[in-house]
1. Considering the stretch B:38-74 alone, what residues qualify as being among the hydroxyl-bearing types (Ser, Thr, Tyr) and either away from chain A (no Cβ under 14 Å) or farther than 19 Å from B:Trp366 by Cα (or both)?
2. Would you confirm whether any residue within the stretch B:253-269 is over 26 Å from A:Ala110 (Cβ atoms) and among the basic types (Lys, Arg)?
3. Consider B:Leu88 carefully, then state whether it is modelled with pLDDT of 95 or more and either within 24 Å of B:Asp280 (Cα to Cα) or within 14 Å of chain A (Cβ to nearest Cβ) (or both).
4. What's the number of the only condition in (1) under 17 Å from B:Val276 (Cβ atoms); (2) in a loop (DSSP other than H, G, I, E, B); (3) hydrophobic (A, V, I, L, M, F, W, C) that B:Phe359 fails to meet?
5. Given the conditions (1) within 14 Å of chain A (Cβ to nearest Cβ); (2) in contact with a helix residue (DSSP H, G or I) (Cβ under 9 Å, 6 or more places away or on another chain); (3) buried (at least 17 other Cβ atoms within 10 Å of the Cβ), report the number of the one that B:Gly100 does not fulfil.
6. Name the residue, out of B:Gly361, B:Gly347, that is modelled with pLDDT under 95 and of a type outside the set (A, V, I, L, M, F, W, C).
7. Tell me which residues, restricted to the stretch A:92-111, are under 15 Å from the mean Cα position of the chain (by Cα), among the small types (Gly, Ala, Ser) and at the interface with another protein chain (Cβ under 7 Å from one of its Cβ atoms).
8. Under 7 Å by Cβ, and 6 or more places apart or on different chains, what pairs join a residue from the stretch B:208-220 that is under 18 Å from B:Phe155 (Cα atoms) with one that is of a type in the set (S, T, N, Q)?
Amino acid sequence: MPNDTPRSTARIGGHPIHPMLVPIPIACFVGTLVTDLVYWKTAAIMWADMSAWLLTVGLVASIFVGLAGLIDFLGDRRVRALRPAWIHGLGNALVVVLSIFNAFVHSRDAYTSVVPTGLILSTIVVLILLVTGWNGWAMVYRHGVGVRAEDRS
Amino acid sequence: MNALRLGLCAAASLSLAALTACGGPKPIDPHRQIGPNPYLPDIHQYLMPPMHVPKITPWGGATPTVAPGLQIQALASGLKNPRSVYVLPNGDVLVAETGGPKAPINRPKEFIMNLIEKQAHSSTKPGNRILLIRMGPDGHAGAPTVFIDHLHSPFGMVLVGNDFYVADTDAVRRFPYQTGQTSITDPGVKLTDLPGGPIDHHWTKSLTASSDGTKLYAGVGSNSNITENGMPAEYERASVWEIDRTTGAHRLYATGLRNPNGLQFEPTTHVLWAVVNERDELGPDLVPDYMTSVKDGAFYGWPYSYYGQHIDPRVMPQRPDLVAKAIPPDYALSSHVAPLGMVFSTGANLPAAYRGGAFVGEHGSWDRSALNGYKVVYIPFTDGQPSGTPQDVVTGFLVGDNKVHGRPVGLAMDGGGGLLIADDVGNTVWRVTAAGKP
């Protein structure tokens, strides 16, 4: 059964780039929710500053993660044939759009940079990440995207 | 795939909403916000506040425009960020060449803000010193010489007897002065520390003295727009300090004044006045900057509220107990004009229409799509209170809507009764006199 797994196009030394980088924005956006919650409860400005940095780093990393993911998506018809690939890609595009909004909200000064709009956006983003993450794992662990065929058999 | 299409649509419409939300409300006519009872619109919190910073273009031989009956000339040009002027009793003019200390970057927004600040200010490195200009009897000025060097963001200056005081951004310093002296090499002594770095958001410390010379008054601006650097950073800030001249001990004379400058005693009633920069990012017409008499023990709202009991939702925890005590200021100057200098008109050289009131230097807005300020106005006073609307006295700092030659900051009346204007973008000190007079 040669070549039966969908290929990853953006890869270095045979290792797909997208899964290497994707933990960065995920950790940043989850971290934003945590620091937003702490700021909401303490009103200690350090936590709001932390949220703003996490959002910025998450968004910058998303550029590379998104590009690698898009190349994989466009690079192999078999990837595009997977329903989880669409949910994963579009869901994460929404994550990025909402996080750009969230970064603007977090650029306000003091309390309303987080409460309530920023906190709500951070929460929605993490909920979407649960869905897109689940579908991303399905692509790899169920459909073997980017996994070498001989390793699977 | 319907859910996916829905997702796409949501993303597209959200992006569109983002673009339209950036605009915010249209600016109103600034005249509705001048006087004791300004119109205050609803709060608008932006996703991205409008930034409108006109491009700096040198004067190149041009001068500001003055009202009829007046004339203007450059007293000194080619300076390094002149921001405040002070006149000694013998007529010598002092000019503080100064700039703020380097601002730390505590969050991503401050990268952007620092870039905008750079656009709005002269690229000349501030001198951090005070220059002296000797005035001739005919209104002609000598070349500037160094009066005091190696200061730390100096702004306020006042002479009491033979003691010359400079308000650096982090301390009030005292230097011995003899009439006619043209330079001070004595290192001076520190009378008191003032709230300075490492953040030092509003760094200009205005300074004046009581008429009996026992007390100094220093304007100490807030350390943020609206507490975004945390409340501990605001300790003893957004206030006017009263400093004992012999001991250096201080108390907070008045509080809740976001960025008080131009401290001056009104000459007929001997009441302390200041111009105050109010908060940003609540819309193009909030919050109006103002001039006010500064009442002993009064609280003027910052950060919790503005114009009395109008609450600012950005401050947490809120303090209803303080808001209840907040008093409104005397006279609004309209929003984001950035008044940084004020002087009561004592000069007999100016036409009668410009006597007894106050000149205000409006540095000009950066966060309002329609620019506001960028001029010197005159507000007539009767019985120690503003009476009548501000008149444009010196304009022409702006060319059209996108070019700026200069920005007025500190003001003073000179020995010959002329009005002096420090222009920190044009790097010039201007002198306004009655037309045809020296």
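1. Correct list: B:Tyr39, B:Thr57, B:Thr63, B:Thr65.
2. Checked the stretch B:253-269: no residue is over 26 Å from A:Ala110 (Cβ atoms) and among the basic types (Lys, Arg).
3. Working: modelled with pLDDT of 95 or more: yes; either within 24 Å of B:Asp280 (Cα to Cα) or within 14 Å of chain A (Cβ to nearest Cβ) (or both): no.
No: the conditions fail for B:Leu88.
4. That leaves (2) as the condition not met.
5. Exception for B:Gly100: condition (1).
6. Only one candidate qualifies: B:Gly347.
7. Correct list: A:Ala93 only.
8. B:Thr208/B:Gln264; B:Tyr217/B:Thr208; B:Ala218/B:Ser206; B:Gly219/B:Ser206; B:Gly219/B:Asn261; B:Val220/B:Ser239
The values are calculated or read from the model by the stated rules, or taken from the named source; none is laboratory data. Remember, it's a predicted structure, so these values are computed and weren't measured experimentally. Because the Cβ atoms are built from the backbone with ideal geometry, glycine has one as well, and the counts that use them run over all protein chains shown.
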